[in-house]
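Student: Input: one structure, supplied below.
Derivation of every value follows stated rules applied to the coordinates shown; laboratory data play no part. These numbers were taken from a predicted model, which means no experiment stands behind them. Backbone-built Cβ (ideal geometry, glycine too); neighbour counts: all protein chains shown.
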């Protein structure tokens, strides 16, 4: 019977050049500190009696472990290598087989590499858990990013809740707290990542990544354009005026109510964890201020290039002070600012419950700000506004005059 | 009051319907209570003095500007009434503004292919159509160079091609004959637009100040004066209405500035002081 994920692979060994570079750098630093220890007015018994030497070793070992975790994912994950991904798409590879260029999941060779770093740590009087922890956290962090890159949103959401919980008092691995809760959380994260990774492999090929990675200059064939044009807002402008505002196909993105709910809950949860971890005082004024900034930002996005059908003077002259078809863009920003002010009062009066109250207020503000109507798509299609030609059109006119 | 057109059964065939549209910039009125109905397969030219609101009217029909009052229907769907209606309208309408902006770094061919894909034109047909358009407007040599290397006239041609490549049933063209087009391109565009309207049932609403081309190609002419529609009819009927047997500029002058010819006479006959 075929084993889908064998936990051994000699492909993952770091290149000899990299190992050599590490040995040389580490050796030079060690020699440097040995010389310092020997030439000090009161010679130390060994290099490890020099505190700077230990700190430096910690940094080098931690950084090397983090670098190795990065290498393991960026080198072997198909999402990070467009050429590999394209080749894999054409090959008979399926998700139940090992990746031909080497595994992304951990194998025993990884334990050897990280164990070697930990062993050096023991030899150099550095906490051996440091390189191990650095490796695990960087590996998990990169994997979280890659799950987002391959659009495993369910796993990303779960990880979004698990990551900040490591900051919470009682879970954070800070003495004298037991490390068991932290280990449980990390284990849960590892499980979510493993599950998300399996799902992402099943969903291969990830054609949406191709459009994101395609460079602007490389698009010269009809096929390339077919892929490139409907990709991102950045390329929308390339359709020219007026196609980029009248396009029947490319429309502003819209956050679905479910996504908004999840993101709002995440915002609230992160706030709660940060407030709890830092023992921060209630900050309703900051929340109101940030809400005003966010509401203004939302208003600017909606109003960019979309002017009211007529200006203030026109409103006064015609007696139409409110133009519902246009003024609806002000409704949500105003509602969210009012909600922030009310929330601020509630936070002030919540006493010892302020972390909970503050995080709930933040979640609600998020929901209103991003879920309040009209959606950007609805606004673009049904708003009563006057599209202004982009500034570049006017600059083109100037160029024409100069010619 | 809906201004009549000469098409038979206009109610059934109307493609563009402008209902009680009024617009003003600040306190300056531009359009007042415009009611127009344009039947399918008609090539209608909008004429009027400078600054009378031709571009505004076309912008409202095209969806660039939302009118202060009134609304526009295209193919029986009301503009901006719902997301689906607006998307359907966008799928069947293409707009050429008086000052289009083209992405300078793309080649004309790339850009035309991109626009064609926006309108879901089938790939092989699209490539063939792009080739034919580039040939037609003598852009074959420039087709694969960045648009920034094109002259102003060539850019205008590319913009026109961008409108034609969409193959939509409604074209809204703001001053398509200006912007440095050479005589051959003017001839081509005149024939192509007339062919689209006569043979393929494309409805074309076009602002133009070039009477020769309007006379040659337009089924009907809308004359704007002040903030209103002064006339909307075929050229022959406009002649009959005004009692003017001359060319379109004379009919136009009679409708909009009846004193124009007298002013010319007085300019030359007035004694030098």
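Student: Using alpha-carbon positions, what is the distance between the centroids of the range B:66-85 and the range B:205-273, in Å?
Tutor: Result: 31 Å between the Cα centres.
Student: While we're looking at this one, here's another question. Across chain B, how large is the tail of the calculated P(r) beyond 34 Å, expressed as a percent of all Cα pairs?
Tutor: Looking at chain B, the distances longer than 34 Å represent 22 percent of pairs.
Student: With contacts defined as alpha carbon pairs under 8 Å and 6 or more residues apart, what's the relative contact order of chain B in percent?
Tutor: Averaging sequence separation for qualifying contacts and normalising by length gives 24 percent for chain B.
Student: Continuing with this model, one more query. Give me P(r) over the range B:199-273, computed from all C-alpha to C-alpha distances, binned every 5 Å, as integer percentages.
Tutor: Percent of pairs per bin, in order: 3, 13, 23, 22, 15, 10, 7, 4, 2, 1, 0, 0.
Student: Turning to a different aspect of this structure: Kindly identify the range B:53-102 as rounded, prolate or oblate by the Cα gyration tensor criterion: order the square roots of the eigenvalues as a ≥ b ≥ c, call it rounded if a/c is under 1.5, otherwise compare a/b with b/c, prolate if a/b is larger, else oblate.
Tutor: oblate
Student: Still on this structure: Taking R0 as 45 Å, what FRET efficiency do you get between residue A:55 and residue B:71 from their Cβ-Cβ distance, rounded to the nearest 0.05?
Tutor: For R0 = 45 Å, the calculated efficiency reads 0.05.
Student: Same structure again: Expressed in nm to one decimal, what extension gain is obtained for the pair residue A:23 and residue A:91 from 0.36 nm per residue of sequence separation less their Cα-Cα distance?
Tutor: 20.6 nm
Student: Diagonalise the Cα gyration tensor of the range A:10-201 and give the resulting equivalent ellipsoid semi-axes, square root of 5 times each eigenvalue, largest first, whole Å.
Tutor: Result for the range A:10-201: semi-axes of 36, 23, 11 Å.
Student: Can you pull the Kirkwood radius for the range B:60-187, inverse mean 1/r over Cα pairs, to one decimal in Å?
Tutor: 15.5 Å
Student: By its C-alpha gyration tensor, with a ≥ b ≥ c as the square roots of the eigenvalues, how is the range B:130-267 shaped: rounded for a/c under 1.5, else prolate for a/b larger than b/c, else oblate?
Tutor: prolate
Student: Under a crude label model (7 Å from the Cα following the beta-carbon direction), how far is residue B:241 from residue A:112 in nanometres?
Tutor: In this crude spin-label approximation the distance works out to 9.2 nm.
Student: Evaluate peptide B:91-98: per residue, the Cβ atoms of other protein chains within 10 Å of its Cβ; return the mean as an integer.
Tutor: Rounded to a whole number, the mean comes out at 3.
Student: R0 = 22 Å: FRET efficiency of residue A:174 with residue A:280, Cβ-based, nearest 0.05?
Tutor: With R0 = 22 Å, the Cβ-Cβ based efficiency is 0.80.
Student: Give the value in nm², to one decimal: projected area of the alpha carbon convex hull of the range A:22-136, averaged over all directions.
Tutor: The Cα convex hull of the range A:22-136, projected and averaged over all directions, gives 8.3 nm².
Student: Continuing with this model, one more query. For the residue pair residue B:135 and residue B:33, what label-to-label distance in nm results when each label sits 7 Å from Cα along the Cα-to-beta-carbon direction?
Tutor: Rounded to a tenth, the inter-label distance reads 5.3 nm.
Student: Taking neighbour Cβ counts within 10 Å as the exposure measure, how do A:123, A:163 sort from fewest upward?
Tutor: Neighbour counts put them in this order, fewest first: A:123, A:163.
Student: Follow-up. If you restrict to DSSP beta bridges whose two residues both lie in the protein assembly as shown, what percentage is antiparallel, to the nearest 5?
Tutor: Beta bridges within the protein assembly as shown, antiparallel portion: roughly 60 percent.
Student: Between the range A:135-169 and the range B:164-199, how far is it from one alpha carbon centroid to the other, in angstrom?
Tutor: Using only Cα atoms to place each centre, the spacing works out to 56 Å.
Student: Can I ask one more? In nm², what is the average projected area of the convex hull enclosing the Cα atoms of the range A:251-402?
Tutor: Mean projected area of the Cα convex hull: 12.7 nm².
Student: With r as the distance between the Cβ atoms of residue A:254 and residue A:348 and R0 = 35 Å, compute the FRET efficiency 1/(1 + (r/R0)^6) and round to 0.05.
Tutor: 0.50
Student: Another question, if that's okay. Specify the residue with the greatest mean-square fluctuation among B:187, B:57, B:171, computed from a Gaussian network of chain B linking alpha-carbon atoms under 10 Å apart.
Tutor: B:187
Student: Take the alpha carbon gyration tensor of the protein assembly as shown, find the square roots of its eigenvalues, order them as a ≥ b ≥ c, and report rounded if a/c is under 1.5; if not, report prolate when a/b exceeds b/c, else oblate.
Tutor: prolate
Student: Return the distance in nm (one decimal) between the two label points of a simple spin-label model at residue B:216 and residue B:195, each offset 7 Å from Cα along Cα→Cβ.
Tutor: Using points 7 Å along Cα→Cβ, the separation is 1.5 nm.
Student: Starting from the alpha-carbon convex hull of the range A:55-121, give the projected area averaged over all orientations, in nm².
Tutor: Over every viewing direction, the Cα hull of the range A:55-121 projects on average to 5.1 nm².
Student: Then there is this: Under the Kirkwood approximation applied to all pairs of distinct alpha-carbon atoms, what is the hydrodynamic radius of the range B:14-114 in Å?
Tutor: For the range B:14-114, inverting the mean 1/r across all distinct Cα pairs yields 15.0 Å.
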